[in-house]
1. Exposed loop sites here are trypsin sites (Lys or Arg not before Pro) in DSSP loop states with at most 13 other C-beta atoms within 10 Å. What is the longest stretch of the chain lacking them?
2. For the stretch 1-86, what is the Kirkwood estimate of the hydrodynamic radius, computed as the reciprocal of the mean inverse distance between distinct Cα atoms, to one decimal in Å?
3. Please report, in whole Å³, the volume per residue of the convex hull around the C-alpha atoms of the stretch 66-195.
4. For the stretch 1-99, give the share of DSSP beta bridges that are antiparallel, in percent and rounded to the nearest 5; count only bridges with both residues there.
5. Checking a compactness column here: for the stretch 108-185, what do you get for Rg(Cα) / (2.2 N^0.38 Å), N being the number of residues?
6. Find the percent of Cα-Cα distances in the chain that exceed 27 Å, and round it to a whole number.
7. So for the stretch 32-80, considering every pair of alpha-carbon atoms, how many percent are separated by more than 17 Å?
8. Express in whole angstrom the spacing between the alpha-carbon centres of the stretch 6-20 and the stretch 156-185.
Amino acid sequence: MLIAGFPAGAWGTNCYVVAPAAGEECVIIDPGHQATQGVEETLRKHRLKPVAVVLTHGHIDHVASVVPVCGAHDVPAWIHPEDRFMMSDPEKALGRSLGAQLMGELTVGEPSDVKELTDGAKLALAGMELTVAHAPGHTRGSVTFGMPGAADIPPLLFSGDLLFAGSIGRTDFPGGSHADMLESLARVCLPLDDSTVVLPGHNEHTTIGRERATNPYLRQVAAGLGDGFTSPRRGM
């Protein structure tokens with residue numbers, strides 16, 4: 001398994017390029033703000049051929065480079081239907097202006113081929129299987145992508161802005177819900193094995209076991225304590 005990740009753009013959003021091995025087909029996860037150059041350098045370095053872009057949610061820091069990346073390689077973008085509008089109207093998704101200077105750097109709109117994700121779907125892409133879990137809370141259409149472990153490879157969870165090392169995504173943007181976030185953490189994350197490696201939308205990777213033991217939000221839902229915490233300002 002080859003996983004090449006790098007933080008991109010003004011928000012340091014993690015973009016991942018995932019393939020069975022170097023020289024094979026790959027999937028690109030969350031090519032956000034100013035991610036195009038990093039994607040192209042990663043593809044050249046590992047001799048990879050993209051077959052799809054998949055998106056954990058529609059915020060501009062995760063989708064800003066979707067149009068140029070999909071266009072350059074003639075591949076579809078997969079996104080949950082609840083977040084699809086955000087590609088064409090990022091400011092509505094945030095409830096505020098991004099500013100003229102930043103908007104001048106962004107390619108707003110949809111690529112020519114958009115496919116919609118559904119909860120529980122299993123995507124067979126580039127010789128790999130990604131399992132989609134709808135995980136609203138950060139946005140209505142947030143999803144995670146899970147990959148099973150094999151041999152000496154642990155299970156993987158591309159968590160987007162659902163779960164971070166020590167924290168969770170913010171819920172104060174339009175479409176966000178702290179109650180939904182806690183329900184998603186309980187339904188999507190708690191059943192996973194402790195060995196599952198979490199590759200989040202921002203900052204460093206972690207494991208479910210580490211977060212189960214130390215993350216106050218995951219500990220809250222594991223204890224069934226309800227809506228006692230408020231969401232931090234992490235992510236976009």
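The values are calculated or read from the model by the stated rules, or taken from the named source; none is laboratory data. Just so we're clear, the structure is a prediction, and the values are computed from it rather than from any experiment. All Cβ positions, even for glycine, are placed from backbone atoms using ideal geometry, and neighbour counts span all protein chains on display. Accessible surface is based on the protein model in full, side chains and every heavy atom, while ligands, DNA and RNA are left aside. Shrake-Rupley method; radii C 1.70, N 1.55, O 1.52, S 1.80 Å.
1. Longest site-free region, per DSSP loop and neighbour criteria: 97-232.
2. 12.5 Å
3. Considering the Cα atoms of the stretch 66-195, their hull volume per residue is 135 Å³.
4. Restricted to the stretch 1-99, the bridges split so that about 60 percent are antiparallel.
5. Working: Rg = 14.1 Å, N = 78, 2.2 N^0.38 = 11.5 Å.
It is 1.23.
6. Numbers: 7705 of 27730 pairs.
So the pairs more than 27 Å apart make up 28 percent of the total in the chain.
7. It works out to 29 percent of all Cα pairs.
8. 18 Å
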